[in-house]
Amino acid sequence: MSAPANLANHHGDEGRVVTPRAQEDLDEAQELLVGRFVRGLDAREPRKQLAPVLAEDGREHLVLRGEVVVQEAVRDPRLLGDVPDPGGVEAAPREHADGGVENPPTRLLRPALPVPGRALARDRTVSQRPVRIGAVPDTAQQPLTGMLVVDLTRYLPGAFASRELLRLGARVVRVEAPEGDPMRRTAPAWDDALRRGKESVVCDLKSDAALARALCARADVVLEGFRPGVAARLGIGPDDVPAHVLYCSITGFGTEGRHADRVGHDLNYLGWAGTLEDTAPALPPVQVADLAAGALRAVAEVLAALVGRERTGRGARLVVSMTHGAHELAAHRLGGDPLPRLLTGGLACYETYATADGRHLTLAALEPAFFARVCEILDVPELAARQYEPDQAALRAELSALFARRALADWLDVFDDEEACVGPVATLAEAHADLGPWPEPPPDVPLGADTEPWRAELALV
């Protein structure tokens, strides 16, 4: 499916929108990297958001690999009666009889309504100087207030996704087996952090799925993470919910193709996706497939589909593939890097270095001006000219020897007021303390605490 031609690249450091060039000369790749794409780390206020207009006459089936097919039409006047402009919505791509997907006309892009709850900046002193950090939006500004999310998932991706929807104001009901989510036993601290504030309903889906089915019928959003076909066999699949519901499946490999029924976890998905090529056998420090390609991708698609439902009255069928999503995080590199393994260990100016006390610091001075300043501070200004030379190993060795002379705290003092892109490898606890204060966590909810109230609410007692 071809991309819309009228989208623009947004450069946050310039605070403006510029039209992308059709093709950049290869010999400009390094200049682009250091001069445009990684210049300026000071965040600006985002521009107006643009939201794509969804399909005109169908409930969308969105398989998040760039494929969009129309699944079924919805003609319920109760759902369409308050659509402000049904005639001004362009149709989504149609599936041909041979299984292909035709390219749609360029989609209309309309400014979305302002998003409530933007982080409010405030001053805080860190390392003896004021910086700007994001404060948690107050509950009155949460845009998903009044939305009901039913979470049928297990383990990390779905729990993280529904926690993010909860943070944005949604009411989240977590449907658990009688023994609880497996994370309650395998990673109780993770489970505690991700379940707080959610309601807990116990339901044995294999023997009595009526409660879960009734909850899904009441929901605005349903999240599930079973292997393809399992939810349908249990009677809680996408065809078992009303047409206005946004039904999102977080899967390992999607619902089609040779990997669809394959079992796996985050590391498997990253391996299949090709994202571990540069760094294996080292393990990634966070579950990128679970959290970024899975949970956050699901949240983004759900939010977009909610905007679409406001305009059309129709729900959507969303399928998130963690493997395909993880591949997309690195697929822009398929055409080659300006230098081998550019941001995965290939550059000495983008590296972690050991300090005298056994700690590590981060150096990310991609821009020549920043790297030149680092070299000046280290009293080796001649190294600046070697920033992108072929022999990065020699440059890395010289920088390693220099950074090993002092403790991390000393280096942080040296670079604190410098524009040099140098920072610490902080511990998780240090970062939590430095980046706070954080909001008080919601109260814990015992397993099954909301089962009977929901049974009564749904007249299932």
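The values are calculated or read from the model by the stated rules, or taken from the named source; none is laboratory data. Because the structure is predicted, anything quoted here is derived from the model rather than measured. Methodologically, a virtual Cβ is constructed for each residue, glycine included, from the backbone with ideal geometry; neighbour enumeration extends over all protein chains shown.
What to note about this one:
- Output for the stretch 188-238, where each listed residue is of a type in the set (A, V, I, L, M, F, W, C), surrounded by 15 or more Cβ atoms within 10 Å (Cβ to Cβ) and under 25 Å from the mean Cα position of the chain (by Cα): Trp190, Leu194, Cys216, Ala219, Val221, Val222, Leu223, Phe226, Ala231
- Checking each residue in the stretch 404-450 for being among the aliphatic types (A, V, I, L, M), assigned to a helix (DSSP H, G or I) and without any contact (Cβ under 8 Å) to a residue 60 or more places away in the chain picks out Leu408, Ala409, Val414, Leu428, Ala429, Ala431, Ala433.
- Residue tally, condition surrounded by fewer than 15 Cβ atoms within 10 Å (Cβ to Cβ) and assigned to a loop (DSSP other than H, G, I, E, B), over the stretch 351-366: 3
- Flag for Leu303 being at pLDDT 95 or above, within 22 Å of Gly345 (Cβ to Cβ) and assigned to a helix (DSSP H, G or I): no
- Within the stretch 196-284, helices (runs of 4 or more DSSP H) holding 3 or more residues that are modelled with pLDDT of 95 or more and either farther than 23 Å from Ser321 by Cα or not aliphatic (A, V, I, L, M) (or both): 210-218, 266-273
- Residue that is surrounded by the most Cβ atoms within 10 Å (Cβ to Cβ), among those in the stretch 368-408 that are of a type in the set (Asp, Glu) and more than 16 Å from Cys421 (Cα to Cα): Glu398
- Selection over the stretch 389-403 of residues that are in contact with a strand residue (DSSP E or B) (Cβ under 6 Å, 6 or more places away or on another chain) and either in a loop (DSSP other than H, G, I, E, B) or over 21 Å from Arg341 (Cβ atoms) (or both) gives a count of 0.
Let's see how each residue does on (1) surrounded by 18 or more Cβ atoms within 10 Å (Cβ to Cβ); (2) of a type in the set (Lys, Arg); (3) at negative phi:
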{"residue": "Gln142", "(1), (2), (3)": "no, no, yes"}
{"residue": "Val149", "(1), (2), (3)": "yes, no, yes"}
{"residue": "Leu152", "(1), (2), (3)": "yes, no, yes"}
{"residue": "Tyr155", "(1), (2), (3)": "yes, no, no"}
{"residue": "Gly158", "(1), (2), (3)": "yes, no, yes"}
{"residue": "Arg167", "(1), (2), (3)": "yes, yes, yes"}
{"residue": "Arg171", "(1), (2), (3)": "yes, yes, yes"}
{"residue": "Arg174", "(1), (2), (3)": "yes, yes, yes"}
{"residue": "Glu179", "(1), (2), (3)": "no, no, yes"}
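- Subset of the stretch 309-348 that is without any contact (Cβ under 8 Å) to a residue 12 or more places away in the chain and outside any helix (DSSP H, G or I) - its residue that is farthest from Ala293 (Cα to Cα): Pro340
- Some residue of the stretch 318-329 being of a type outside the set (Phe, Trp, Tyr), touching a Phe, Trp or Tyr at 6+ places or on another chain (Cβ under 6 Å) and surrounded by fewer than 23 Cβ atoms within 10 Å (Cβ to Cβ): no
- Cβ-Cβ under 9 Å pairs, at least 6 apart or on other chains, the stretch 238-262 side not assigned by TED's automatic domain parsing to the domain that holds Thr312, far side part of a loop (DSSP other than H, G, I, E, B): none
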